[in-house]
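The values are calculated or read from the model by the stated rules, or taken from the named source; none is laboratory data. Please read all numbers here as calculations on a predicted model, not as lab measurements. Here Cβ is always computed from backbone atoms with ideal geometry, including for glycine, and neighbour counts include all displayed protein chains.
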Amino acid sequence: MRLRSANESDSPNVAELIYASTNAWYQRNRNATIFTAGPESCRLFCDVYEDVDPGCCVIAEEEPTCRLMGSCFYHPRDTHVSLGIMTVHPDFFGRGVASALLRHITDFADGRNQPLRLVSSAMNLDSFSLYTRAGFVPRAAFQDVMIAVPKEGLKHAARGTERVRPATASDIPNMVALEEQISGIRREKDYRYFLENRLGIWHTSVLEDDRGALAGFLCSVAHPASTMLGPGVMRNDNDAIALVLAELNSRRGQSPLLLVPVDRPELVRTLYSWGGRNCEIHFAQVRGNYQPLDGIVMPTFMPETG
């Protein structure tokens, strides 16, 4: 195989790869599909990641046929590099494609002297083994919880909802500072991209404490390829519950997914009481320096939190 950077003309094939590879794994292991709107819907990943991080997709091609064997996105940030969605075509399983793609990105992060972060399925033991062999360490576990939101919205009460409001561009510096305080990472351009919302698919809420200081925020995306809450950062369970309720009600008539820390029983119990159901488990893994969390983090896959 040979590795090279993807270009715009590769997007249809990469989207098809994401669709086919991901659905093949879930059909084989979970008797289900993740992407139901067709391969074209997965262009979302190519389009968004090219907007946010131009040129940061590496692909593996078979020589001499030039068939697409696999792809992986990555996201350089001030404090770290995030490893994005990695896919290998089912025809090339067992050929070392994922290892080659991963080695390319670990070399990139090492060249920047930065930690490499990702969120990966705890149920895919092949990928778990791939990452831990490469030096990643699981640092946090998350329950994937899906909640069906009625068209009239959720009528539950939550303490602090009166302090939740839609985010504005002026909130971005405080959002960045809060995330750095709680998790040690900075990714300002992600939040600027969400709030610019050129695709019309993002929504972001912020919560202020009694003194008017930012105590939490939560973003969400709604698209045929991804309907999900996150990324989000909050100081405590009450703030998280108020923000989740607000973002769920911004997605009425849909069934968003959110990744909830397993070590927050009050938050988990509340989501169960709202009809939440578990569908998977994910680990946040870090290769390199790691700052323990000092609050609540809700990761996402669009774009990857890391």
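Counting the residues of the stretch 225-262 that are in a helix (DSSP H, G or I) and in contact with a Ser or Thr (Cβ under 7 Å, 6 or more places away or on another chain) gives 6.
Regarding Gly153, is this residue exposed (fewer than 15 other Cβ atoms within 10 Å of the Cβ) and either in the same structural domain as Asn278 (by TED's automatic domain parsing) or in contact with a His (Cβ under 6 Å, 6 or more places away or on another chain) (or both)? Judged against the criteria, Gly153 is a match.
Could you tell me whether Arg235 is over 21 Å from Val176 (Cα atoms), surrounded by fewer than 24 Cβ atoms within 10 Å (Cβ to Cβ) and touching a strand residue (DSSP E or B) at 6+ places or on another chain (Cβ under 6 Å)? Answer is no for this residue. All of (1) crowded, with 16+ Cβ neighbours inside 10 Å; (2) over 19 Å from Met298 (Cα atoms); (3) not aliphatic (A, V, I, L, M) hold for Asp126 with one exception: (1). Screening Leu195 with (1) more than 20 Å from the chain's Cα centre (by Cα); (2) modelled with pLDDT of 95 or more gives one miss only, at (1). Is it the case that some residue within the stretch 178-188 is loosely packed, with under 14 Cβ neighbours inside 10 Å and over 20 Å from Val297 (Cβ atoms)? No, that holds for no residue. Leu243 passes every criterion in (1) out of contact with any Lys or Arg (no Cβ under 8 Å at 6 or more places or on another chain); (2) modelled with pLDDT of 95 or more; (3) closer than 18 Å to Glu188 by Cα apart from (3). Residue selection: Gly212 satisfies the criterion of being over 15 Å from the mean Cα position of the chain (by Cα), surrounded by fewer than 21 Cβ atoms within 10 Å (Cβ to Cβ), at pLDDT below 95 and among the small types (Gly, Ala, Ser). Of all residues in the stretch 243-256, those that are in the same structural domain as Ala215 (by TED's automatic domain parsing) have Cβ atoms under 7 Å from Cβ atoms of residues that are part of a helix (DSSP H, G or I) and among the β-branched types (Val, Ile, Thr), 6 or more apart or on another chain, in Leu245/Thr161; Ala246/Thr161. The strands (runs of 3 or more DSSP E) found entirely in the stretch 127-209 that carry 2 or more residues being among the hydrophobic types (A, V, I, L, M, F, W, C) are 137-146, 202-208. How do the pairs read when you match residues in the stretch 1-26 that are farther than 16 Å from Val97 by Cα and part of a helix (DSSP H, G or I) with residues anywhere that are at pLDDT 95 or above and among the aliphatic types (A, V, I, L, M), using Cβ under 6 Å and keeping only pairs 6 or more apart or on different chains? That search, which allows pairs on different chains as well, returns Asn13/Leu68. Of the residues making up the stretch 250-289, those that are touching a helix residue (DSSP H, G or I) at 6+ places or on another chain (Cβ under 8 Å), of a type in the set (A, V, I, L, M) and buried (at least 20 other Cβ atoms within 10 Å of the Cβ) are Leu258, Val260, Leu267, Leu271.
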